[in-house]
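Trainee: Okay, here's the structure, questions in a sec.
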Amino acid sequence: MSTVQGRLRIAVQKSGRLAERSLDLVRDAGLRVVKGNNDLLYRVENYPIDLLRVRDDDIPTFVADGVCDLGIVGENVLEEGRNGGPMAEVVMPLGFGRCTLKIAAPPALDYAGPASLQGLRVATSYPRVLRRWLEAEGVQADIVTMRGAVEVAPRLKLAQAICDLVSTGATLEANGLAARDTVLDSQAVLIRAPTAPEPALAELLDSIVERMAGVVASQGAKYVMLNAPRSALDEIAAILPGAGAPTVMPLSGRDDAVAVHAVCQEAVFWETLERLKAAGASAILVLPIEKMM
Ligand code: ATP
Ligand code: MG
């Protein structure tokens, strides 16, 4: 049961790398968020929903305990929170907040795979994820847990290698470190409590999840319309990226040609249009999709 009678709660990062995109997702799902004078809690004015704005580290616990019904958090943080206790359920990946937890070390360290870490000290803010990875690789190493500035550990001789989040690699490079191995590929995920909300809110919860799935699915998706010779239909359908069966409609006064409409789930590049044209397509239009369900 949700702890607050009559209202759903969604946990989002208060400020940081996931904060803005999380709020965008909530808004795109049709929730009108109003910032009150309470910084911790934003209200949704058109549904009985509150946003709990917290540090991302707290989100998995709040959702696992049912204090919040939904949450948006990085897989890296979720995995680090895994401790054998009850867990939040992952509903779906959200396609943003991508980063990779990597092993990095100074170039002087000979690295030929995880076994090269045997007996070394590795600094990280993700001791549990690193511990599990080392165990799976059959490697014994000392883990030095640091809250931040992990990348300075080798220079300070606190550790010979580090395990840290990387997106562009610029921070590693600036500290004379090179990425050597991947421990975890991460992105933001939607998580939900393992317990159901109070019955009156169950339907609302499901519909919010479904809307968010629609928002995520429509990101990057395009609606493609074109005219095609009947004879080239199969070839053209095969070129359309990530499309299901297209809609085929007659063109008035033309027996040899049809109009084709399709939802493409993957990016539609200029090269795709050129191939469609070469296959006989004309009047090709590519439109953004605002909502999808
Ligand atoms: P908080 O104050 O909420 O604890 P934080 O400092 O722990 O914030 P941020 O730096 O805002 O966290 O990162 C939030 C999440 O964004 C990370 O846990 C990760 O999932 C994701 N992320 C994406 N790219 C990067 C990156 N280059 N470095 C770190 N995290 C990244
Ligand atoms: Mg944090």
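Trainee: Those residues that are free of Cβ contacts under 8 Å to residues at least 40 places away in the same chain, away from ligand 2 (no atom under 16 Å from the Cβ) and not in a loop (DSSP other than H, G, I, E, B), I need them from the range 133-179; list them, please.
Mentor: Answer for the range 133-179, where residues must be free of Cβ contacts under 8 Å to residues at least 40 places away in the same chain, away from ligand 2 (no atom under 16 Å from the Cβ) and not in a loop (DSSP other than H, G, I, E, B): 134, 135, 136, 137, 142, 143, 144, 152, 170, 171, 173, 174.
Trainee: When you scan the range 264-279, do you find a residue that is loosely packed, with under 12 Cβ neighbours inside 10 Å and assigned to a strand (DSSP E or B), even just one?
Mentor: Checking the range 264-279: not a single residue is loosely packed, with under 12 Cβ neighbours inside 10 Å and assigned to a strand (DSSP E or B).
Trainee: In addition: Could you look through the range 5-38, keep only residues that are open to solvent by less than 90 Å² (accessible area, probe 1.4 Å), part of a loop (DSSP other than H, G, I, E, B) and touching a strand residue (DSSP E or B) at 6+ places or on another chain (Cβ under 7 Å), and pick out the one that is farthest from ligand 2 (Cβ to nearest atom)?
Mentor: My answer is 7.
Trainee: Can you name the condition, by its number, that residue 199 falls short on among (1) farther than 30 Å from residue 5 by Cα; (2) surrounded by fewer than 15 Cβ atoms within 10 Å (Cβ to Cβ)?
Mentor: (1)
Residue-wise test of (1) under 24 Å from the mean Cα position of the chain (by Cα); (2) at pLDDT 95 or above.
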{"residue": "207", "(1), (2)": "yes, yes"}
{"residue": "210", "(1), (2)": "yes, yes"}
{"residue": "222", "(1), (2)": "yes, no"}
{"residue": "225", "(1), (2)": "no, yes"}
{"residue": "228", "(1), (2)": "no, yes"}
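Trainee: Out of all the residues in the range 58-103, which are open to solvent by 20 Å² or more (accessible area, probe 1.4 Å), among the small types (Gly, Ala, Ser) and either within 16 Å of ligand 2 (Cβ to nearest atom) or part of a strand (DSSP E or B) (or both)?
Mentor: 81, 97 - these are the residues of the range 58-103 that are open to solvent by 20 Å² or more (accessible area, probe 1.4 Å), among the small types (Gly, Ala, Ser) and either within 16 Å of ligand 2 (Cβ to nearest atom) or part of a strand (DSSP E or B) (or both).
Trainee: Taking the stated definitions as given, is residue 46 modelled with pLDDT under 95, surrounded by fewer than 16 Cβ atoms within 10 Å (Cβ to Cβ) and either of a type in the set (S, T, N, Q) or within 16 Å of ligand 2 (Cβ to nearest atom) (or both)?
Mentor: Judged against the criteria, residue 46 is not a match.
Trainee: Tell me which residues, restricted to the range 39-57, are in a strand (DSSP E or B) and in contact (Cβ under 8 Å) with a residue 40 or more places away in the chain.
Mentor: The answer is 49, 50, 51, 52, 53, 54.
Trainee: Further, regarding this structure: Taking residue 188, is it surrounded by fewer than 21 Cβ atoms within 10 Å (Cβ to Cβ) and either in contact with a Phe, Trp or Tyr (Cβ under 7 Å, 6 or more places away or on another chain) or among the hydrophobic types (A, V, I, L, M, F, W, C) (or both)? Break it down into steps so the answer makes sense when it comes.
Mentor: Values: surrounded by fewer than 21 Cβ atoms within 10 Å (Cβ to Cβ): no; either in contact with a Phe, Trp or Tyr (Cβ under 7 Å, 6 or more places away or on another chain) or among the hydrophobic types (A, V, I, L, M, F, W, C) (or both): yes.
No.
Trainee: Next question, about the same structure. Filter the range 119-172 for residues that are among the polar types (S, T, N, Q) and either at positive phi or within 16 Å of ligand 1 (Cβ to nearest atom) (or both) and give the result.
Mentor: 124, 125, 145, 167, 168, 171
Trainee: Do we have residue 54 as within 16 Å of ligand 2 (Cβ to nearest atom), more than 22 Å from residue 134 (Cβ to Cβ), open to solvent by less than 40 Å² (accessible area, probe 1.4 Å) and not hydroxyl-bearing (Ser, Thr, Tyr) here?
Mentor: It is true that residue 54 is within 16 Å of ligand 2 (Cβ to nearest atom), more than 22 Å from residue 134 (Cβ to Cβ), open to solvent by less than 40 Å² (accessible area, probe 1.4 Å) and not hydroxyl-bearing (Ser, Thr, Tyr).
Trainee: Here is a follow-up. With the checklist (1) in contact with a Leu (Cβ under 7 Å, 6 or more places away or on another chain); (2) modelled with pLDDT of 95 or more in hand, flag the one item residue 203 doesn't pass.
Mentor: Failed condition: (1).
Trainee: Same structure again: Quick one: in the range 144-178, which of the residues that are charged (D, E, K, R) and surrounded by fewer than 18 Cβ atoms within 10 Å (Cβ to Cβ) is nearest to the chain's Cα centre (by Cα)?
Mentor: Residue satisfying both the conditions and the ranking: 147.
Trainee: Checking residue 232 against (1) open to solvent by less than 40 Å² (accessible area, probe 1.4 Å); (2) under 30 Å from residue 85 (Cα atoms); (3) not polar (S, T, N, Q): exactly one of these is not met. Which one?
Mentor: Looking at each condition in turn, residue 232 falls short on (2).
The values are calculated or read from the model by the stated rules, or taken from the named source; none is laboratory data. Predicted model only: the values in this text are computed from it and were never measured. FYI the Cβ positions are ideal-geometry reconstructions off the backbone, even for glycines, and counts take in every protein chain you see. With ligands, DNA and RNA removed, areas are computed over all heavy atoms of the protein, side chains included. Shrake-Rupley method; radii C 1.70, N 1.55, O 1.52, S 1.80 Å.
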